[in-house]
Amino acid sequence: MTSPLIGIVMGSDSDLPTMEAAINVCENFDIPHEVAIVSAHRTPNRMVKYAQTAVERGLKVIIAGAGGAAHLPGMVAALTPLPVIGVPVKSRTLQGIDSLYSIVQMPGGIPVATVAIGNAKNAGLLAVQILGTCDLKLLHRVQAYRQELEQTVLKKQQRLEE
Ligand code: RP5
């Protein structure tokens, strides 16, 4: 069993449908990963333990998704030197604007790389690219993925012209 390199955490199981896109990216790139529900507010001690043990457990990047008063990504970032990617989850009342503002407005010194509201796919890809800085084969797979994207767009254009 390979130990996980990417940790995917979320504040609630209600975030899972959003965060599944990041899990899918890890699966598609064959990256060992772990998934956990870790709430900054409901399970603060678990959050502290998760973040403080992340380095020794071999994680290289953490993706943290939360909605509303979305303090999880920032608090995890404060507790670990690992890069943290924040995913603002679309909230029921404010469409995720609250989540975005809660995650993106970090004080200088403790960055969270914040993706767009609901865009866990980009969080997954960014995590893979971070791992790719030390893994040339993985970077080549990212390039191949982008070539596929390009082909998809070009095929759509072709169809428009037919
Ligand atoms: C946050 O509160 C979670 O990240 C979730 O997005 C939001 C609502 O949680 P539930 O009430 O659906 O469990 O902590």
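FYI, it's all coordinate maths here, none of it is from the lab. Keep in mind that what you see is a predicted model, and the values were worked out from it rather than measured. Virtual Cβ from ideal backbone geometry, glycine too; neighbours counted across all protein chains shown.
Just a few scattered comments:
- Extreme residue, farthest from the chain's Cα centre (by Cα), among residues of segment 107-162 that are of a type in the set (V, I, T), within 30 Å of I97 (Cα to Cα) and not in a helix (DSSP H, G or I): I110
- Test: residue in segment 143-159 that is of a type outside the set (D, E) and touching a helix residue (DSSP H, G or I) at 6+ places or on another chain (Cβ under 9 Å): yes
- Among the residues making up segment 45-73, those that are more than 9 Å from the ligand (Cβ to nearest atom), more than 21 Å from L126 (Cβ to Cβ) and touching a residue at least 24 places away in the same chain (Cβ under 8 Å) are M47, V48, Q52.
- Selection from segment 77-91 of residues that are outside any loop (DSSP other than H, G, I, E, B), more than 10 Å from the ligand (Cβ to nearest atom) and closer than 18 Å to I130 by Cα: A77, V84, I85, G86
- Entirely in segment 1-76, the strands (runs of 3 or more DSSP E) that have 2 or more residues that are over 11 Å from the mean Cα position of the chain (by Cα): 33-37
- Taken over segment 92-118, the criterion of being within 13 Å of M75 (Cα to Cα) and within 10 Å of the ligand (Cβ to nearest atom) is satisfied by S102 alone.
- Matching residues in segment 103-115 - criterion: being surrounded by fewer than 23 Cβ atoms within 10 Å (Cβ to Cβ) and either farther than 13 Å from P83 by Cα or among the small types (G, A, S) (or both): V104, Q105, M106, P107, G108, G109, A113
- Residue in segment 89-97 that is aliphatic (A, V, I, L, M) and within 14 Å of the chain's Cα centre (by Cα) present: yes
So that you can scan it fast, the table gives a plain yes or no per residue for (1) among the aliphatic types (A, V, I, L, M); (2) touching a Ser or Thr at 6+ places or on another chain (Cβ under 8 Å):
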| position | (1), (2) |
| --- | --- |
| I37 | yes, yes |
| N45 | no, no |
| A51 | yes, yes |
| A54 | yes, yes |
| A64 | yes, no |
